[in-house]
1. Only one of (1) in a helix (DSSP H, G or I); (2) surrounded by fewer than 16 Cβ atoms within 10 Å (Cβ to Cβ) is not met by Thr68, so which one is it?
2. Please go through (1) free of Cβ contacts under 8 Å to residues at least 12 places away in the same chain; (2) under 19 Å from Glu38 (Cα atoms) for Val82 and return the number of the only condition it doesn't satisfy.
3. Note down all Cβ pairs under 6 Å where the first residue falls in segment 35-64 and is touching a residue at least 40 places away in the same chain (Cβ under 8 Å), the second is in a helix (DSSP H, G or I), and they're at least six residues apart or on different chains.
4. So is Leu49 in contact with a helix residue (DSSP H, G or I) (Cβ under 8 Å, 6 or more places away or on another chain) and under 15 Å from Glu38 (Cα atoms) or not?
5. Can you tell me how many residues within segment 51-65 are crowded, with 17+ Cβ neighbours inside 10 Å and assigned to a helix (DSSP H, G or I)?
Amino acid sequence: MSWEENYFFDLIRQEGHALGLVEGRKEGRKEGREEGREEATRRAILHVLLSRFGQVPDDLASRLEEVTAFQDLESLLKEAAVCPDVSSFLGRLGIR
């Protein structure tokens, strides 16, 4: 392989590496935003329940960590705002 071919392949490899880094950073930022949004929603659920009822079960935060779909967390936040008591919220979460 000539030095020109070698140089050409090095340029392509470097460009591919740079593109991979950019894409990786984009994906990492997206995942970080999603995780932050989920964590904020979990905190909001706890805050709403504590504000409305004064106390929540000790393991509720860890139970909410098991909920990974943002849509489910949004539904639980709405439920926390309207449920008649903590027990009915726990039933919605699957805890009896």
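Here, each number is a calculation from the coordinates, and none is a lab measurement. Note that the coordinates shown come from a computational prediction; the quantities given were computed from them, not determined experimentally. With ideal geometry, Cβ positions are generated from the backbone for all residues, glycine too; neighbour counts draw on all protein chains shown.
1. Going through the list (1) in a helix (DSSP H, G or I); (2) surrounded by fewer than 16 Cβ atoms within 10 Å (Cβ to Cβ), Thr68 breaks only (1).
2. Going through the list (1) free of Cβ contacts under 8 Å to residues at least 12 places away in the same chain; (2) under 19 Å from Glu38 (Cα atoms), Val82 breaks only (2).
3. Leu49/Ala80
4. No.
5. Qualifying residue count, segment 51-65: 2.
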